[in-house]
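Below: the structure, in structure tokens.
The values are calculated or read from the model by the stated rules, or taken from the named source; none is laboratory data. Here the structure is a predicted model, which is why all the values come from computation and not from measurement. Cβ coordinates were reconstructed from backbone atoms using ideal geometry, including for glycine residues, and neighbour counts include every protein chain displayed. With ligands, DNA and RNA removed, areas are computed over all heavy atoms of the protein, side chains included. Shrake-Rupley method; radii C 1.70, N 1.55, O 1.52, S 1.80 Å.
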Amino acid sequence: MSANVIDGKKVAKLIREQVSEDIQYWVSHGQRAPKLQAVIVGNNPASHTYVKAKTKACGEVGIESDTLILPDTVSETQVIEAIEKLNHNDEVDGILLQLPLPGHLPSWNIIEAIDYRKDVDGFHPMNMGRLAVGQPSFRPCTPAGIMELFNYYSIATKGKHAVIIGASNIVGKPMTLMISREDGAGKATVTLCHQYTKDLTRHTINADILISAAGTPKLITGPMIKEGAVVIDVGINRVADPDNERGYRLVGDCDFESTQEKANWITPVPGGVGPMTVAMLMKNTLLAAKDAIYQSE
Ligand code: GUN
């Protein structure tokens, strides 16, 4: 068998086009364009690359954007002051604090300083908590994008056994909540594996849906998966490649060749989950501008 490839690039484009049409309508009726404000602390090159990709996507769909770059010598108080200024700026709809922060900064104090009504990443405990109890909230972009892929390709999750690898706050934990929710899509039975899980294959082999967000190349190989499984690869790993002009190439957590022989559905890296994360950020920023989740509380 050869797996069906899930085209995240295509689905992400459709979502961005929808967002763009909504914004055009919105602006043509006299509203100002939504605005996303990114905040980067320090000079982590990957963070700068990700934020550039996000602000470029903003430009393409008609969202205004701006990036505040703070030096990595900044104090917790200074970052929180900068965020509070953005909270009170009525022209800013969404605030994106790029993670990780430099080690000396307490990430949670800073994430909690963001007005949850502008938290388009969905990382604030208010949004995470509301997600956990099934209330409307901003949903973290990567797991929300994966749910959109299931929806687009009519991949059923109800009653299925989903195995998620990686218990991060950005992917694994919110993914667990979304895919097991009792309302709407979801309704799956979930196993959440992490770095302390013993005998990973004992779990992965039972997965109808396997979602890997571990950040380890070739962690998942064909013999570890169930025949006909849905395999979602969230890993974005750089591996050295002298043939590539950048000196590296991007690979996921799954060995594509051997997994695609057994899987029914599979996401490629790149071009699978990655573009969906950016598209969902655009969608969340539009929702923030419309006050669609927290109606002008
Ligand atoms: N770092 C890694 N992924 C993400 C993300 O989706 N949002 C933010 N803000 N930081 C990240």
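Overview of results
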{"item": "Those lysines that a straight Cα-Cα span of less than 28 Å connects to K187, excepting residues fewer than 8 apart in one chain", "result": "K9, K10, K13, K158, K160, K173, K198, K226, K262, K283"}
{"item": "Solvent-accessible heavy-atom area per residue, rounded to whole Å², over region 67-142 at 1.4 Å", "result": "46 Å²"}
{"item": "Under 19 Å from the Cα of K218 - aspartates and glutamates, other chains or at least 8 residues apart", "result": "D199, E227, D233, D241, D253, D255, E257, E261"}
{"item": "Size of charge dipole - region 242-292 - debye, nearest 20, with Cβ of Lys, Arg +1 and Asp, Glu -1, no other charges", "result": "320 debye"}
{"item": "Tilt relative to the chain, helix 8-28 - C-alpha long axis, 0 to 90 degrees, to 10", "result": "20 degrees"}
{"item": "Label-point gap, in nm, between A292 and H104 - each point 7 angstrom along Cα→Cβ", "result": "4.1 nm"}
{"item": "Label point 7 Å beyond Cα of Q78 along Cβ direction - residues of region 48-66 with amide nitrogen under 20 Å", "result": "48"}
{"item": "Accessible area (Å², per residue) of region 193-258, counting only protein heavy atoms and a probe of 1.4 Å", "result": "55 Å²"}
{"item": "Total charge dipole magnitude, region 1-143, about the Cα centre, Cβ charges on Lys, Arg, Asp, Glu only, Debye to nearest 20", "result": "500 debye"}
{"item": "Length added when fully stretched, T216-N87, from 0.36 nm per residue minus Cα-Cα", "result": "42.8 nm"}
{"item": "Degrees, to the nearest 10: 76-87 long Cα axis against longest axis of the chain", "result": "80 degrees"}
{"item": "Chain lengthening between Y152 and S28 when straightened (0.36 nm per residue, less Cα-Cα)", "result": "41.7 nm"}
{"item": "Apportionment of accessible area to carbon and sulfur, region 114-271, percent (1.4 Å)", "result": "52 percent"}
{"item": "Listed residues I23, S180, I205: farthest to the positive end of the dipole of the chain (Cβ charges)", "result": "I205"}
{"item": "For region 95-236, the spread of Cα positions along each principal axis, largest first, Å", "result": "46, 35, 23"}
{"item": "Total charge dipole magnitude, the chain, about the Cα centre, Cβ charges on Lys, Arg, Asp, Glu only, Debye to nearest 20", "result": "620 debye"}
{"item": "Dipole of region 67-209, positive direction: furthest Cα of F123, I164, I111, with charges on the beta-carbon", "result": "I164"}
